[in-house]
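To start, the structure under review is shown below, and the notes come after it.
The values are calculated or read from the model by the stated rules, or taken from the named source; none is laboratory data. Since the model is a prediction, treat every value here as computed from it, not as a measurement. Cβ coordinates were reconstructed from backbone atoms using ideal geometry, including for glycine residues, and neighbour counts include every protein chain displayed. Calculation scope for accessible area: heavy atoms of the full protein, side chains included, ligands and nucleic acids excluded. Shrake-Rupley method; radii C 1.70, N 1.55, O 1.52, S 1.80 Å.
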Amino acid sequence: MTVDGHSGRTAPPSDDARVDELRQRLRALGYLDAGVDRFVLGPARASRRPWTIALFASIRVGALAALLLGPAAAIGVRARMPSLVAGPRDAIVVAVYLGLFFGLAVAASAFVAGALVSLAARQSDASFAKRGDRLSRIAGVAVTLACLTYFTLWWQTVVANVGWSAPYWTISALAIAVAIGLLLGHAVTIMSSAIIVAAVGNVARVPSMSWRTTIAAGLVAFGGAALLLTWSARAAPIDTPRLTVVPSGVRVRVIAIDGFDPAIFQDLADHGRMPALSSAFTQGAVVRIDEDRDRQDDPARVWTTVATGQPAEVHGVRGIETRRIVGVSGSVPAAEESPIARAIRGTTDLVRLTRPAIASGIERRAKTFWEVVSDAGLRTAVVNWWATWPARSDGAVVLSDRATLRLEHGGALDAEIAPSSLYQTLRERWPALKQQAVEMAGPLPSVISGDDRRALLRRSAELDAMQLTLASAVSTANTDLTAVYLPGLDITQYALLGSSTTPLDALAASDLAGRLAALREYYAMLDRMLAPSLAPAAGEIVIVVTEPGRVSARTGARMALLGANVSRGTIGDSDSTSVAPTILHVLGVPISRELPGRARLDLFDGEFARRYPVRFVSTYGEPSRSNAVSEGTPLDREMIDRLRSLGYVR
């Protein structure tokens, strides 16, 4: 001890004196010469127990891992989950999150390994120094191999179709992977060895490598990564082929009706109250859609399957509700109903790390039929389909599921409408379009009783009428494909029969009868509004696609075709994945072999089928990530509020 000359007090031993013994031993063994060694072994002090050194050193190893793996992992996540990373800001936030995750994971793993080494050293004799040296090397090699494998596969994911066709970038990426792997492996090795030194006083050999050995190990690791990349590249997707259209001379109008119950429709049709839809279902070709009913009560999931021809596991839209991570504009699905998933959602919502969001086109991983048609050079317009926001400027006219919200609120466009030049035109016409929709909806039938029911039917009718009005406003006689989604029937049906906390069998007979009467009246109102759209013009085919909606989820869906070259009658069963290829074939577009469904040639007359056989291409490629005009304030909160008021979210 020393005496402080100013105060006369006994000064504590200096920090250098306390750490000198262990530091000198480590330095004599070849440690603390490099910056990484000094950083990792900073907590190594003679006064600390081996497990304490393991704890603090593992935290520093985790910090290294966070700095190295966070940004790289964010790029990999962006490649695999484009819905989550929508821009540079998202990439930074995700890199921070992933850096914390990987840092904690590596730190925890390093601490467990260090604690085990410390425990083994305390219960062993001096000969453990040699065995411990081997163990520290094994730990370092394992970390190096794990990092190298991860980064190699990550690079293959990011540039799946590049590989050795871009040797400069590939060699650079693999070199970085080798460097990170060796660095983290070395950090774990020296941490383990330092613990052994603190526990037993020495190690048999210094677990470090000369520069020649390091270069040799790096070359071997590089060679292994190159072989792994070459092997994994065999499964890389092929280039998207060019789509060659064989014009059929037919234009297509698709009308999607949600919440459609064939039993109620048939009863009303038998009484002459559904003349327009009856014509479509009796004078055209009809297919019953018998599909997997798993989660078919979720319209975003169902109608994205119809639009893409792919099941939800492929197209990626699992449900209406998603979760958005704080600071990230992208989102992740919230449809998983396992106990663990619910617990994670509840916990992250509680601490405000995530917030509710609505399914969007960012999550969709498969092209819709209108995107394929637009890629083929045909004129396309789609209105109000699920998961169409953000509307991308890739040739098609898209009024997304947020378009009416933007037209109502005004302000700068946030990718609700494409092309962006169309927004100003529609905004100027908005008052007239609203009045036109009100007139199309018409007066409510006098038999509907109750202010709440009358307000419900009026709102639903004007909502459907607005979609039909907008579809007429953005399509012309030269538009090859027009598609519009109508939610009003599903909204009405759910509000009357599905949203009540009182079970239907517990309702008074008069109340239940009144609800059913109001629902039946809406069917008649919808038929009247659809009458002009269900009359095909010359050279046009009208395709009506119905889904049972959120209440009558087991009544079955339908696809009806009416117009030129169409057969008549009910023609077998199908599933919802056959809708998209049938629409594409009618327009002369080849069918992707990746689609599980098939084009239904039996819905057309023999001449059409012979003249236009089905043609195929290998793939349609990934959905477009082209520019979308996003200058305004997002309408996320307004979208959630609207869907909540319509009964879609809680």
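Within region 124-138, is even one residue surrounded by 20 or more Cβ atoms within 10 Å (Cβ to Cβ) and modelled with pLDDT of 65 or more? So far as region 124-138 goes, yes, one or more of its residues are surrounded by 20 or more Cβ atoms within 10 Å (Cβ to Cβ) and modelled with pLDDT of 65 or more.
Would you please name the residue that is modelled with the highest pLDDT, looking only at residues in region 535-582 that are assigned to a loop (DSSP other than H, G, I, E, B) and open to solvent by less than 10 Å² (accessible area, probe 1.4 Å)? In this case the residue turns out to be 548.
Which residue out of 398, 382 is touching a Pro at 6+ places or on another chain (Cβ under 9 Å), outside any loop (DSSP other than H, G, I, E, B), of a type in the set (A, V, I, L, M, F, W, C) and modelled with pLDDT of 95 or more?
On inspection, the qualifying residue turns out to be 398.
Out of curiosity, is residue 513 modelled with pLDDT under 90 and closer than 18 Å to residue 263 by Cβ? So residue 513 fits the description; yes. Looking only at residues of region 431-463 that are of a type in the set (A, V, I, L, M, F, W, C) and more than 20 Å from residue 486 (Cβ to Cβ), we find that the one that is most open to solvent (accessible area, probe 1.4 Å) is 447. Residues of region 274-290 that are modelled with pLDDT of 95 or more and in a loop (DSSP other than H, G, I, E, B): 274 alone.
Of a type outside the set (A, V, I, L, M, F, W, C), within 30 Å of residue 249 (Cα to Cα), over 23 Å from the mean Cα position of the chain (by Cα) and not in a loop (DSSP other than H, G, I, E, B) - does that describe any residue in region 365-378? Looking for residues that are of a type outside the set (A, V, I, L, M, F, W, C), within 30 Å of residue 249 (Cα to Cα), over 23 Å from the mean Cα position of the chain (by Cα) and not in a loop (DSSP other than H, G, I, E, B), one finds none in region 365-378, hence no. Could you tell me whether region 73-96 includes any residue that is at pLDDT below 75, of a type in the set (Ser, Thr, Tyr), open to solvent by less than 40 Å² (accessible area, probe 1.4 Å) and closer than 26 Å to residue 357 by Cα? Yes: one or more hits. Among all positions in region 239-258, there is at least one residue which is at pLDDT 60 or above, among the charged types (D, E, K, R) and open to solvent by 90 Å² or more (accessible area, probe 1.4 Å). Each residue in region 403-419 was checked for being out of contact with any helix residue (DSSP H, G or I) (no Cβ under 6 Å at 6 or more places or on another chain) and farther than 18 Å from residue 475 by Cβ, and 8 pass.
Residue count for region 389-409 under the criterion of being open to solvent by less than 10 Å² (accessible area, probe 1.4 Å), within 16 Å of residue 642 (Cβ to Cβ) and without any contact (Cβ under 8 Å) to a residue 60 or more places away in the chain: the result is 2. Set side by side, the residues 625, 611, 637, 642 differ, and just one is over 30 Å from residue 407 (Cα atoms), open to solvent by 50 Å² or more (accessible area, probe 1.4 Å) and modelled with pLDDT under 95, which is 611.
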